[in-house]
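What follows is a single structure, written as C-alpha cells, with notes after it.
The values are calculated or read from the model by the stated rules, or taken from the named source; none is laboratory data. This structure is a prediction, so every number in the text was calculated from the model and none was measured. Glycine also receives a Cβ, built like all others from the backbone with ideal geometry; neighbour counts cover every protein chain displayed.
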Amino acid sequence: MKKIPLRKMIQDFSDQFKWWYYDGRTGEAIIVLCKEGSWETIRVFDPLWLTNLSEQDVTTLYKCQPFFDVADIDQALQYVKVIRICFAFDIHAGVNWKTRTKEMLKTN
C-alpha cells in the first residue's frame with residue numbers, strides 16, 4: 001500500500017464550528033457545526049481522517065479540546081494527538097507529502 005486511504009472531509013468549516021466531542025458509544029469523534037441556525041455534524045471514525053482537513057480547520061480543532069467521558073480518555077486522546085501532530089508539522093489537506101517528508105527529515 002503506497003497511500004493511506006483517507007475519507008473526503010468537509011473543508012473550511014471553522015466559521016461554523018461550535019464544539020467537538022468523542023462519542024464512546026459509536027467510537028467516533030463528532031464535530032458540531034452551525035450555520036444560520038442549521039446544525040450539522042461531521043463524524044470521524046478514524047483519527048487519521050483528520051489529516052485531510054484544511055489548515056484552518058486543523059488550527060481550530062487544535063485550539064478547542066474535545067469533550068469526552070473520563071472512561072473514554074484513551075480513545076479520545078488519539079484524536080487529540082493526531083491534531084497536535086498535524087498542527088506541529090503543518091500536515092493538512094493540500095500538502096505535498098513527498099516535499100513535506102523531505103523537509104521534516106532535514107530538520108531532524
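Tabulated data for the structure shown
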| quantity | calculated |
| --- | --- |
| Conditions (1) in a loop (DSSP other than H, G, I, E, B); (2) touching a Lys or Arg at 6+ places or on another chain (Cβ under 6 Å); number of the one not met by LYS8 | (2) |
| Selection from segment 14-41 of residues that are touching a Lys or Arg at 6+ places or on another chain (Cβ under 8 Å) and part of a loop (DSSP other than H, G, I, E, B) | THR26 |
| Filtered residues of segment 56-86 (kept if free of Cβ contacts under 8 Å to residues at least 40 places away in the same chain and surrounded by 17 or more Cβ atoms within 10 Å (Cβ to Cβ)) | VAL58, VAL80, VAL82, ILE83, CYS86 |
| In segment 55-108, residue nearest to ILE31 (Cα to Cα) [restricted to those that are in contact with a strand residue (DSSP E or B) (Cβ under 7 Å, 6 or more places away or on another chain) and in a helix (DSSP H, G or I)] | LEU61 |
| The one condition in (1) modelled with pLDDT of 95 or more; (2) assigned to a helix (DSSP H, G or I) that LEU48 fails to fulfil | (1) |
| Hits in segment 41-55 - residues which are of a type in the set (S, T, N, Q) and surrounded by fewer than 17 Cβ atoms within 10 Å (Cβ to Cβ) | THR41 |
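Residues checked against (1) closer than 27 Å to VAL95 by Cα; (2) at pLDDT 95 or above; (3) among the aliphatic types (A, V, I, L, M); (4) in contact with a Leu (Cβ under 6 Å, 6 or more places away or on another chain):
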| site | (1), (2), (3), (4) |
| --- | --- |
| GLY37 | no, no, no, no |
| ASN52 | yes, no, no, yes |
| TYR62 | yes, yes, no, no |
| PHE67 | no, yes, no, no |
| ASP72 | no, yes, no, no |
